[in-house]
Every structure is written in structure tokens, then in C-alpha cells.
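Enquirer: Below is a structure I'd like to ask you about.
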Amino acid sequence: MRIGSVMRAAFLDPPYLGCGERYYGCLHESASDCDSIEWHADLIGKTHAEYDGWAYCLSSVSMQKILPLCPDCVRVAAWVKPWAVFRPNVNPAYCWEPVIFHTTAQRTRQEDTVRDWCAENITMKKGLVGAKPPGFCRWVIDLLGLRRGDELVDVFPGTGVMGDVWDSFNGVYAVQGGLFDE
């Protein structure tokens, strides 16, 4: 929760619903847990109760199931991928991903307006499927209204790119364990 004027926020880029075992089963014995809607519901509930703001990455095909798990105060933003991988027999291509977010940050009229969409190319060969690019991470920081001195917890640190971007933003960075840790 907010400590004085410090905002506590969480960034969540979990294995997408139905993709845990397929993409991360070789990396963690509990990867298949992420394939259940109950797991995502629990994660969203805990995150909303514990943080002033949060951003939750998901796939466009799972949004219909995951969005109803969220409180009414959330919004949906879009990561648009100008360059993405085109798969055979997948038409239309998957060239955007939703980001569900909530923030208690109060913006002033002097601050720049943040768009509810971001156009950044996908990353390649970063070691994990779905690794986010630095520009996307900076957009999430702006979307949540984070300022220097706030705290950001990357719940699923993966490649560590969010931590690198946050460190360059000069904030207080905290990692909540590794992938799937409680």
C-alpha cells in the first residue's frame, strides 16, 4: 500500500492462460498451474489487495476469461506490435496484446498525457517466449503513473528487462522472488 507519498506497484507478465506447461514446463515444475483460470483469479485478487497500482499482461484470446476476474476500476490498454511473427494458417495475425491495469496515481495537468496504447516491436532471442521490449516497459511505468522513489515489483522477472528499465528510471526496484514463487 502507499507509504507516505510512495506508490507500490506490481508488473505481472505471467505465463498466459493455457501456455504455462507448453512454454515454461521445462523451466519450472509448477508451470501447469498457470493453465487454470483459478490461478489467474487468485493472482489478480492478491495483487489488487496488496498494491496501489498494477499492470497485468495477457493474450487477446484469454481476455474474455480474465477481464471478468478483475475489479471494476481497471482499464485495458493495448501493446500494438508493428512487427510480429506471422504463423502459417493464423489469419488474422496476433499483432497486439492487452494489458489490464489499475492505478491510484494522481496526475497533474502539467504532466504529459499517456496513451492507452504502445507501439513496440516484439523481442527476439531473449531466452524466454514473450519477453517484453524496453520501450514497452517504459510505457507501463508511465501508464501506472510511477515516479522516482516509488516501488515497482516485477512478479515474474523473466529476462529482467523491467528491472533494467526501472533502474534506469532511477526508482526503487524490488523483485518478488522468481517465477511462480509465493
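Readers should treat all values here as calculations from the given coordinates under stated rules, not as data from a laboratory. Given the structure is predicted, the values throughout are model-derived calculations rather than measurements. In this analysis, Cβ positions are derived from the backbone assuming ideal geometry, glycine residues included, and neighbour counts consider all displayed protein chains.
Enquirer: What list of ³J(HN,Hα) couplings, whole Hz, do you get for the stretch 70-77 from phi and the Karplus terms 6.51, -1.76, 1.60, once you set θ to phi - 60° and write x for glycine and proline?
Expert: Using θ = phi - 60°, the values come out as 8, x, 5, 7, 7, 10, 10, 10 Hz.
Enquirer: May I ask you to order 38-44, 160-166, 70-76 by the average number of other C-beta atoms within 10 Å around their residues, highest value first?
Expert: 160-166, 38-44, 70-76
Enquirer: Also, quick follow-up: Between rounded, prolate and oblate, where does the stretch 8-175 land on the alpha carbon gyration tensor, with a ≥ b ≥ c its root eigenvalues, rounded for a/c under 1.5, else prolate if a/b exceeds b/c?
Expert: Verdict is rounded for the stretch 8-175.
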